[in-house]
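Computed from the coordinates by the stated procedures, all read-outs in this text should not be read as laboratory data. All values derive from a computational prediction rather than experimental measurement. Cβ placement follows ideal geometry from the backbone for every residue including glycine, while neighbour counts extend to all protein chains displayed.
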Ligand code: FAD
Ligand code: NAP
């Protein structure tokens, strides 16, 4: 393992902004990680593939780029239709999903083509097309950063919710997730095809003949047709979470905007797609300087070339303020912004 000084992070995150890290190390072995932690450099920041971060200034400590690899599977002793799959946290998420599909395992197909590492997936409980990580994750192994102890956690104890977990809340920056354990189906797959355009992409294949691989192909085709490739246009996926509201507020908005889109959640609660709000407010494809809301999916804020982290932050703050003024919703960033106090309180 080599530790580098004054490293530009532009190639290590998908917004591609130019910021310096005081120290930088790529870690593929647990023993190297423990050595690094004993060096006492602070603060530390664990980085996967940087597809959900926005740096607004230089990082004064040590960036630990996770490159731990390896995966295996074993029968689930409690269920003959399932297998337990173990994966190291530095593996690429989509490559891991495709590997499970090659083994004819079901459960991760709707989460195809999400960028990033497996180890970051629990941080925001990644989700797409009606499925989220928490539906299939059983356990995790984590390294407690200040003690160097390895712990096993049950998924049920991680506080998973809509694009959130305790790793984003009270456990923030305390653990490095080292390994994940999934329960995946080897037979009798439960496929989720009701969401969005998946059904139409399956092209009339009778339900009993559908496979997890076909659902994955459908999800990949939909995503490729709509979402910008970060290698071409810097972005970190959806910048904001979808806001939630109560029935009365939803109904009042519906009177004003009969084309309002909303989805029922729990009792009397509704999700309003942030993308609909942005589109209605005229942000789709709109730019200020070198930052824009994407032309097909306005929830994705893009770096159109050479923008700084502060320019992207300013743009997002302007967008959020406009949505608050027009609709009363307070948009909350989904992207992890560094330093963590950079997002203005109350916006
Ligand atoms: P990073 O950006 O490197 O890190 C994200 C956060 O996790 C940081 O706070 C970091 O410190 C922490 N972290 C990283 N690794 C670890 C670890 N091993 N242990 C502890 N903490 C860690 N997300 C979805 O949920 N659904 C989608 O459909 C989706 N689509 C996307 C599409 C595009 C085009 C892009 C660019 C992003 C999309 N995202 C989506 C967001 C992103 O892909 C996920 O959040 C992903 O899990 C981030 O992985 P990463 O390795 O890049 O994490
Ligand atoms: P979409 O299908 O155009 O849908 C727009 C929004 O409506 C989504 O935010 C979605 O909420 C919601 N929605 C649509 N159909 C729904 C249904 N049947 N039930 C409940 N909610 C529904 O969205 P998209 O931008 O093309 O993305 C497709 C999927 O990929 C979504 O699940 C989205 O979350 C995920 N995605 C996430 C990111 C990210 O960075 N987090 C980036 C790209 C795509 P949900 O978001 O809650 O599903």
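If only residues of region 178-206 that are assigned to a helix (DSSP H, G or I) and in contact (Cβ under 8 Å) with a residue 12 or more places away in the chain are counted, the one that is farthest from ligand 1 (Cβ to nearest atom) is 201. If you check residue 116 against the conditions, is it crowded, with 17+ Cβ neighbours inside 10 Å and over 18 Å from the mean Cα position of the chain (by Cα)? No; evaluated as a whole, the condition is false for this residue.
Condition first: under 25 Å from residue 45 (Cα atoms), touching a helix residue (DSSP H, G or I) at 6+ places or on another chain (Cβ under 8 Å) and within 16 Å of ligand 2 (Cβ to nearest atom). Can you find one or more residues in region 73-96 that meet it? Scanning region 73-96 turns up at least one residue that is under 25 Å from residue 45 (Cα atoms), touching a helix residue (DSSP H, G or I) at 6+ places or on another chain (Cβ under 8 Å) and within 16 Å of ligand 2 (Cβ to nearest atom). Annotation for region 103-125: at least one member residue is in contact with a helix residue (DSSP H, G or I) (Cβ under 6 Å, 6 or more places away or on another chain), more than 15 Å from ligand 1 (Cβ to nearest atom) and not in a loop (DSSP other than H, G, I, E, B). Can you name the residue in region 284-312 that is in contact with a helix residue (DSSP H, G or I) (Cβ under 8 Å, 6 or more places away or on another chain) and surrounded by fewer than 22 Cβ atoms within 10 Å (Cβ to Cβ) and, of all such residues, is nearest to residue 115 (Cα to Cα)? Among them, the one singled out is 297.
Reported count of residues in region 37-53, each being crowded, with 18+ Cβ neighbours inside 10 Å and over 16 Å from residue 172 (Cα atoms), is 4. Do you know which of the residues in region 264-288 that are part of a loop (DSSP other than H, G, I, E, B) and touching a residue at least 24 places away in the same chain (Cβ under 8 Å) is nearest to ligand 2 (Cβ to nearest atom)? Once the filter is applied, the top-ranked residue is 273.
I'd like to check something: does region 211-225 contain any residue that is in contact with a strand residue (DSSP E or B) (Cβ under 6 Å, 6 or more places away or on another chain), within 12 Å of ligand 1 (Cβ to nearest atom) and within 28 Å of residue 266 (Cβ to Cβ)? Within region 211-225, none of the residues are in contact with a strand residue (DSSP E or B) (Cβ under 6 Å, 6 or more places away or on another chain), within 12 Å of ligand 1 (Cβ to nearest atom) and within 28 Å of residue 266 (Cβ to Cβ).
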